[in-house]
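What follows is a single structure, written as structure tokens, with notes after it.
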Amino acid sequence: MKKQVISVEEIKRKLESFCVYQDRCHKEVEKKLSEYNLIPEAKDNILLHLLQENFLNEERFSKSFARGKFRIKKWGKQRITRELQMRDISVYNIKIALNEIDEKEYITTLYSLVEKKNKLVSEENLFKRRKKVADYLLYRGFESNLVYEAINTIQNC
């Protein structure tokens with residue numbers, strides 16, 4: 001059901017607060033805009049306003065997205081890249097976002113996840129155990145060469 005709103009200015013204010021609350025990508029804002037029954041010129045006008053006033057900034061969004069997903073959810077670079085691509089973020093902004101992740105911290109996180117998962121897996125067979133740990137890390141989005149290197153350096157894994 002379409003929302004009934006009085007004016008374009010009111011929609012602008014609502015979308016400004018939508019963008020201020022949390023960094024948003026264009027796709028999210030356009031989806032929110034589609035909830036309102038607007039002509040294309042009005043939608044373009046509102047998007048332009050949000051861009052000019054820096055409420056909407058793809059580079060800032062992609063950087064904070066990458067930092068947050070890595071630090072909080074412990075996602076790897078491949079998963080972050082995939083998620084950003086689903087949000088129609090440019091390749092340039094994805095590269096900039098991935099540079100926000102410190103390489104040393106990335107490797108440290110990977111090794112700590114290997115050790116943590118290895119302790120949780122109850123499989124006795126060494127090969128099955130390694131596969132379970134590897135599958136977990138690959139799902140998290142870590143690069144396969146780094147995953148297998150980390151697994152091979154951890155004892156009893």
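Below is a table of values for the structure above.
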{"quantity": "Violating pairs (Cα-Cα greater than 28 angstrom) within the set Lys73/Lys131; Lys69/Lys132; Lys43/Lys63; Lys32/Lys69; Lys43/Lys77; Lys31/Lys63", "calculated": "Lys43/Lys77"}
{"quantity": "With Cα atoms, 0 to 90° folded angle of helix 126-140 axis to the chain main axis", "calculated": "20"}
{"quantity": "Aspartates and glutamates with Cα under 17 Å of Lys117, excluding same-chain neighbours fewer than 8 positions away", "calculated": "Asp135, Glu143, Glu149"}
{"quantity": "Square roots of 5 times each gyration tensor eigenvalue, C-alpha, the chain, largest first, Å", "calculated": "43, 15, 11"}
{"quantity": "Projected area, mean over directions - the stretch 83-157, Cα convex hull, nm²", "calculated": "5.6"}
{"quantity": "Taking the stretch 103-153 and dividing mean pair separation by its residue count, relative contact order in percent (alpha carbons under 8 Å, at least six apart)", "calculated": "38"}
{"quantity": "Rounded to the nearest 20 debye, dipole of the stretch 1-114 from Cβ charges on Lys, Arg, Asp, Glu", "calculated": "540"}
{"quantity": "Helix 58-71 vs. the chain, principal-axis angle (Cα, 0 to 90°, nearest 10)", "calculated": "30"}
{"quantity": "q = 0.14, 0.24, 0.25, 0.29 Å⁻¹: log10 I(q)/I(0) that the Debye formula gives for the stretch 8-52, counting C-alpha atoms only", "calculated": "-0.26, -0.82, -0.90, -1.24"}
{"quantity": "Unit charges at the beta carbon, dipole of the stretch 8-52: most positive-side option, Leu15, Cys25, Pro40", "calculated": "Cys25"}
{"quantity": "Computed [θ] at 222 nm, deg cm²/dmol, the chain (DSSP H ≥ 4; -39,500 (n - 2.57); rounded to nearest 500)", "calculated": "-22000 deg cm²/dmol"}
{"quantity": "0 to 90° range, to nearest 10: angle between helix 8-21 axis and the chain longest Cα axis", "calculated": "20"}
{"quantity": "Anchor Lys12: aspartates and glutamates whose Cα lies under 19 Å away (excluding residues fewer than 8 positions away in-chain)", "calculated": "Asp23, Glu28, Glu30, Glu35, Glu41, Asp44, Glu53, Glu58"}
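Computed from the coordinates by the stated procedures, all read-outs in this text should not be read as laboratory data. Worth saying up front: this structure is predicted, and the values here are computed from it rather than measured. So basically every Cβ, Gly included, is an ideal-geometry build from the backbone, and we count neighbours across all protein chains shown.
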